[in-house]
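The values are calculated or read from the model by the stated rules, or taken from the named source; none is laboratory data. In this text, all values refer to a predicted model and were calculated from it rather than measured experimentally. Glycine also receives a Cβ, built like all others from the backbone with ideal geometry; neighbour counts cover every protein chain displayed. Note: accessible area is taken over every heavy atom of the protein model, side chains too, but ligands, DNA and RNA are not part of it. Shrake-Rupley method; radii C 1.70, N 1.55, O 1.52, S 1.80 Å.
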Amino acid sequence: MTSMIERTLTYGELGLSTEEILTSIPSDAAMRQEVLSLIDEIQGFLQARFAFVTTDIHPLHSFHPGKIISHQLKGSEALCWFVATAGQEFEAFQHRLTQEGDMVRVYLANEIGSIIAEKTADRMEDLLQEQLTPKGLYRTNRYSPGYCGWHVKEQPILFELFKPKVSPQNCDVSPTPCDIHLTDSCLMIPIKSISGVIGIGHNVRRRDYTCNLCGLNASCRRGRKQ
């Protein structure tokens, strides 16, 4: 296993355009103005984060990702385990909006947060591929607990892969990646967070998401982007 690689990204470093957000959120002219206002606020505080570790394929034996994901990872020579989050600051922002009671802004912030989390994972994949290309390696799509038959109850096993070996030199290291914590029901906090696995190998490829493989095609953000 490699050591954990972790990064913090400002809004500008996400490479997320305003038009990309506006296109992803169905809205009329008034709501578009609310989206623009929220983006202005978010740009000032956002600290999105991602982390990943790479391992051989053996940790996969501790999981039950289901037939679909297992098939998609077939041929992998190594695995990348990842988390990505819009961050604690965004979580606090959502709480404040909820307390203010403006449900339109709450809804829009929820949608924007999902987009930010996915975009943060995209930047994680960019860095991963930078490391793979010189070695002639490729990656699969990313797959997350809660999709395609992989139960979220296995989140704790995934998070165990990120735990550092405690020593006097790193005793102040966070015990969870990107300060993401799991509830008893395996919900990630901050809520706008994602986790999962990516296959790595010489003969694997990243493909367009094929929504017919998954029973969540009506609610999946990836499917709506195509």
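Worth pointing out:
- Whichever residue in the range 74-87 is more than 20 Å from residue 176 (Cβ to Cβ) and outside any strand (DSSP E or B) and, among such residues, is most open to solvent (accessible area, probe 1.4 Å): 74
- Considering 92, 121, the condition of being part of a helix (DSSP H, G or I) and surrounded by 17 or more Cβ atoms within 10 Å (Cβ to Cβ) is satisfied by 121 alone.
- Hits in the range 79-132 - residues which are β-branched (Val, Ile, Thr) and within 16 Å of residue 31 (Cβ to Cβ): 104, 106, 112, 115
- Looking across the range 94-114, the residues that are in contact with a Leu (Cβ under 7 Å, 6 or more places away or on another chain) and either in contact (Cβ under 8 Å) with a residue 60 or more places away in the chain or among the basic types (Lys, Arg) (or both) come down to 105, 108, 109, 112.
- If only residues of the range 148-159 that are buried (at least 20 other Cβ atoms within 10 Å of the Cβ) and assigned to a loop (DSSP other than H, G, I, E, B) are counted, the one that is modelled with the highest pLDDT is 150.
- Within the set 71, 64, the sole residue that is free of Cβ contacts under 8 Å to residues at least 24 places away in the same chain, over 28 Å from residue 97 (Cα atoms) and either open to solvent by 30 Å² or more (accessible area, probe 1.4 Å) or assigned to a strand (DSSP E or B) (or both) turns out to be 71.
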